[in-house]
């Protein structure tokens, strides 16, 4: 094998899937890291906060997520319903891996670049329209999806018991699928601190009747998100 070429024969199915991962999306460079983020990280290092945090994540960050969802979309998620993840990428992967089985289908009416890698590793199909609504298991939505299309899909989600992944990693919104109380038990929200601190790998996931099981699955992979990044995140969002 030379350079980065994959071997022609791979014994393990996972290795085969890794070899076939789509080309990584190169994200644009973010804004300079705020001084408060750097100061919070340095303070954490000086105070020896380099070990595991609470497994769900630092309470201050989870409280900030709870307060933000309450303030922007009137969604009442308690800090206990929220888990700090290693970026929003981990949150998406955990959601797909825990809720879907290989061969099942994600409906993604908009940009699918953020979910291609996770879907490929798990063996999921991505479609842009629900030609067969009974084949869909989860709909992936962002605030960028036009409201009329979004509302139509959420009506189908309620009718067909789809899971809903509402991804606000790149943009916030005063709309939220869980404002519909009938949908709320099957709505998982994902977000990220990357706009404020790109590269520090701090994201979060929250909500749904599967919140505890999603958290447990995340903890089985990474126990908790990197402590210094979490403390730096406090500096980014908590005055």
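Points to keep in mind about this one:
- Among residues of segment 182-200 being in contact with a strand residue (DSSP E or B) (Cβ under 7 Å, 6 or more places away or on another chain) and touching a residue at least 60 places away in the same chain (Cβ under 8 Å), the one that is nearest to residue 214 (Cα to Cα) is 188.
- When residues of segment 26-65 are limited to those that are exposed (fewer than 12 other Cβ atoms within 10 Å of the Cβ) and part of a helix (DSSP H, G or I), the one modelled with the highest pLDDT: 46
- Answer residue from segment 96-124, given it is exposed (fewer than 15 other Cβ atoms within 10 Å of the Cβ) and touching a strand residue (DSSP E or B) at 6+ places or on another chain (Cβ under 9 Å) and is farthest from residue 187 (Cα to Cα) among those: 103
- The set of residues in segment 141-181 that are in a strand (DSSP E or B) and touching a residue at least 40 places away in the same chain (Cβ under 8 Å) comprises 163, 165, 167.
- Residue match in segment 11-25 (condition: crowded, with 17+ Cβ neighbours inside 10 Å, part of a loop (DSSP other than H, G, I, E, B) and modelled with pLDDT of 60 or more): no
- Any chance residue 232 is crowded, with 23+ Cβ neighbours inside 10 Å and not in a strand (DSSP E or B): yes
- The listed residue being outside any loop (DSSP other than H, G, I, E, B) and more than 23 Å from residue 234 (Cβ to Cβ), out of 89, 95, 68, 83: 95
- Qualifying residues in segment 199-229 (those that are assigned to a loop (DSSP other than H, G, I, E, B) and surrounded by fewer than 17 Cβ atoms within 10 Å (Cβ to Cβ)) - the one modelled with the highest pLDDT: 209
- Restricting attention to segment 125-155, the residues that are farther than 16 Å from residue 100 by Cα and surrounded by 15 or more Cβ atoms within 10 Å (Cβ to Cβ) add up to 8.
- Within segment 98-123, tally of residues that are in a loop (DSSP other than H, G, I, E, B) and more than 22 Å from residue 168 (Cα to Cα): 5
The values are calculated or read from the model by the stated rules, or taken from the named source; none is laboratory data. All values derive from a computational prediction rather than experimental measurement. So basically every Cβ, Gly included, is an ideal-geometry build from the backbone, and we count neighbours across all protein chains shown.
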